[in-house]
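Novice: If you scroll down you'll find the structure; I have some questions about it.
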């Protein structure tokens, strides 16, 4: 993953530990004060939330511990690989698309961050500016011309 991706995971973990966890503990304590727990919807909702938070904390701790951070500012070249910012032209619509190829945990297509495991990223890896790639999508076959490859 990128350094930015690791920072985002660490921020989420910090938020869960320092804000969300204490909030849910207070919510459980308040719900207990209302009496019979077997029919207390607030208590059960708070416990479910606590379970989610603890599961996510464990997941984030594991991902952070195993993270292999790649400094994309030190990458260069003309061939597409992890960390590359790629400018594509959709050959059907002439729409310009810009994606950075990132780790799966930091992907967000709406923000131009494409998971390296996605079909489009897999098709792009190893290609150069000027190449054309074809990708099978849910809407059918799509063709893209690679206009630019940039790092950093």
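Quick grid of which residues meet (1) assigned by TED's automatic domain parsing to the domain that holds residue 112; (2) closer than 30 Å to residue 149 by Cβ; (3) free of Cβ contacts under 8 Å to residues at least 24 places away in the same chain; (4) surrounded by 17 or more Cβ atoms within 10 Å (Cβ to Cβ):
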| site | (1), (2), (3), (4) |
| --- | --- |
| 15 | no, no, yes, no |
| 20 | no, no, no, yes |
| 42 | no, no, yes, no |
| 56 | no, no, no, no |
| 61 | no, no, no, no |
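Novice: In addition: Out of (1) surrounded by fewer than 17 Cβ atoms within 10 Å (Cβ to Cβ); (2) outside any strand (DSSP E or B); (3) at pLDDT 90 or above, the odd one out for residue 120 is which?
Specialist: Here residue 120 clears every test but (1).
Novice: Can you give me the number of residues within the range 91-117 that are closer than 23 Å to residue 63 by Cα and surrounded by 15 or more Cβ atoms within 10 Å (Cβ to Cβ)?
Specialist: Total meeting the criteria: 11.
Novice: Which residue is surrounded by the fewest Cβ atoms within 10 Å (Cβ to Cβ), if the candidates are limited to the range 29-40 and must be assigned to a helix (DSSP H, G or I) and at pLDDT below 80?
Specialist: 38
Novice: Here are the criteria: (1) under 30 Å from residue 59 (Cα atoms); (2) loosely packed, with under 13 Cβ neighbours inside 10 Å. Tell me which single one residue 84 does not satisfy.
Specialist: Exception for residue 84: condition (2).
Novice: Among the residues of the range 44-52, are any touching a residue at least 40 places away in the same chain (Cβ under 8 Å) and touching a helix residue (DSSP H, G or I) at 6+ places or on another chain (Cβ under 9 Å)?
Specialist: Within the range 44-52, not a single residue is touching a residue at least 40 places away in the same chain (Cβ under 8 Å) and touching a helix residue (DSSP H, G or I) at 6+ places or on another chain (Cβ under 9 Å).
Novice: What are the residues in the range 99-152 that are out of contact with any strand residue (DSSP E or B) (no Cβ under 9 Å at 6 or more places or on another chain) and over 21 Å from residue 72 (Cβ atoms), if any?
Specialist: Scanning the range 99-152 gives 137, 138, 139, 140.
Novice: Yes or no: the range 63-76 includes at least one residue that is at pLDDT 90 or above, over 18 Å from residue 20 (Cβ atoms) and surrounded by fewer than 13 Cβ atoms within 10 Å (Cβ to Cβ).
Specialist: Yes, the range 63-76 has at least one match.
Novice: So, one more: Go through the range 68-80 and give me each residue that's in contact with a helix residue (DSSP H, G or I) (Cβ under 9 Å, 6 or more places away or on another chain) and assigned to a loop (DSSP other than H, G, I, E, B).
Specialist: 69, 71, 80
The values are calculated or read from the model by the stated rules, or taken from the named source; none is laboratory data. Source: prediction; values computed, not measured. Positions of Cβ are generated from backbone atoms using ideal geometry, with glycine treated the same way; all protein chains shown enter the neighbour counts.
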